[in-house]
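Peer 1: Once you've had a glance at the structure underneath, I'll fire off some questions.
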Amino acid sequence: MANSIEYASKFLPIVDEIYKAESVTESLDSSTMADFSGANEIKVLKVSTTGLGTYSRANGYPKGDITASWETMKLTQERGKEISIDRMDDEETLGMVFGTVTGNFMREWVIPELDAYRFAKYASTSGITTNEETLTKENIIDAIDKAAMALDENEVPLEGRVLFVNSDLKPVLNSALTRQWTNEEEANTVINRYNNMNVIYVPKTRFYTKIKLNDGTESWGFAKDTEGKEINFMMMYPQAVVQAKKFVMPKIFSPDENQKLDAWLFQFRLYHDAFVYDNKVKGIYLSNRAGE
């Protein structure tokens, strides 16, 4: 597809960019870092043992068993994009088109796709706790408390849990709890923490149980899969997951370096994936919207 560049006779040095939220899954990156440098897969050792038994003064210690196996994690998602901007096009827009393409491309396309892929991957993982429901002001707190109880019953640590909430439900959640104002000069009804959990609101367009990744021939980016459902919220223990990405540094070639065209060339390649540890699937609770 040819570039579409609109010229202006009077130009203000301001770029009209598309507003996009930053990554909402970035908070999970620092939990458990896996090093994929130089490889496309890693193996994680899973170890389990038997419990205690009764000590016998005659026979000594009861014999226990240890089970050790390897869990393979392999990167499967390889995405990329090349953007070319003619030298004259860039000059006639005061050099602002190419100068902003990296940040705009990341915000508009890369970050939303990363978030959407990760949430869909976690939501489709076998063994996590799921519930299908329609949430209202009257039942949303009970639903969240039920999720916390499910994690408690599976002995998931309390500290560090994160509650990801569909942005559509922000007013529902915020109106479900009563508040007592202490500062008349400022009113803030947004709930950012609930029962020691950070609350992160996810744009609804990134919060599906299943997505489709477009290949760039007819459509770019991603879209909700026909089998996908909207997610109400996900309660997660960060150490239950691992997020890996490689080759995220873009390549930029000036018109003098570009051997094919007299144009600036921007190449971006992203090799990534997300995983849930087999032994930690109960660290994720999914509530998806009913009736879809």
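No lab work stands behind these numbers, since they all come straight from the coordinates. Remember, predicted model here, so these are calculated numbers, not experimental data. All Cβ positions, even for glycine, are placed from backbone atoms using ideal geometry, and neighbour counts span all protein chains on display.
Peer 1: For 220, 109, what ranking results if the residue with the fewest other Cβ atoms within 10 Å of its Cβ goes first?
Peer 2: The most exposed by this proxy come first: 220, 109.
Peer 1: So if I place +1 on the C-beta of Lys and Arg and -1 on the C-beta of Asp and Glu, and nothing else carries charge, what would the dipole magnitude of segment 149-292 be about its Cα centre? I want it in debye, nearest 20.
Peer 2: It comes to approximately 220 debye.
Peer 1: Right, something else. Ranking request for peptides 188-194, 222-228, 266-272: highest mean number of other beta-carbon atoms within 10 Å first, then the rest in descending order.
Peer 2: Per-residue mean Cβ counts within 10 Å order the peptides as 266-272, 222-228, 188-194.
Peer 1: Still on this structure, please answer the following. What order, most packed first, do the peptides 57-68, 195-206 have when packing is the mean number of other Cβ atoms within 10 Å of each residue?
Peer 2: 195-206, 57-68
Peer 1: Right, something else. Let a ≥ b ≥ c be the square roots of the eigenvalues of the Cα gyration tensor of segment 26-289; is it rounded (a/c under 1.5), or, if not, prolate (a/b larger than b/c) or oblate?
Peer 2: oblate
Peer 1: Further question: Cut-off is 10 Å between beta-carbons; in what order do 126, 167 appear when sorted fewest neighbours first?
Peer 2: In order of increasing Cβ crowding within 10 Å: 126, 167.
Peer 1: For segment 216-263, rounded, prolate or oblate, judged on the Cα gyration tensor with a ≥ b ≥ c (square roots of eigenvalues), a/c < 1.5 rounded, else prolate if a/b > b/c?
Peer 2: Judged from the Cα gyration tensor, segment 216-263 comes out oblate (a/c at least 1.5, b/c at or above a/b).
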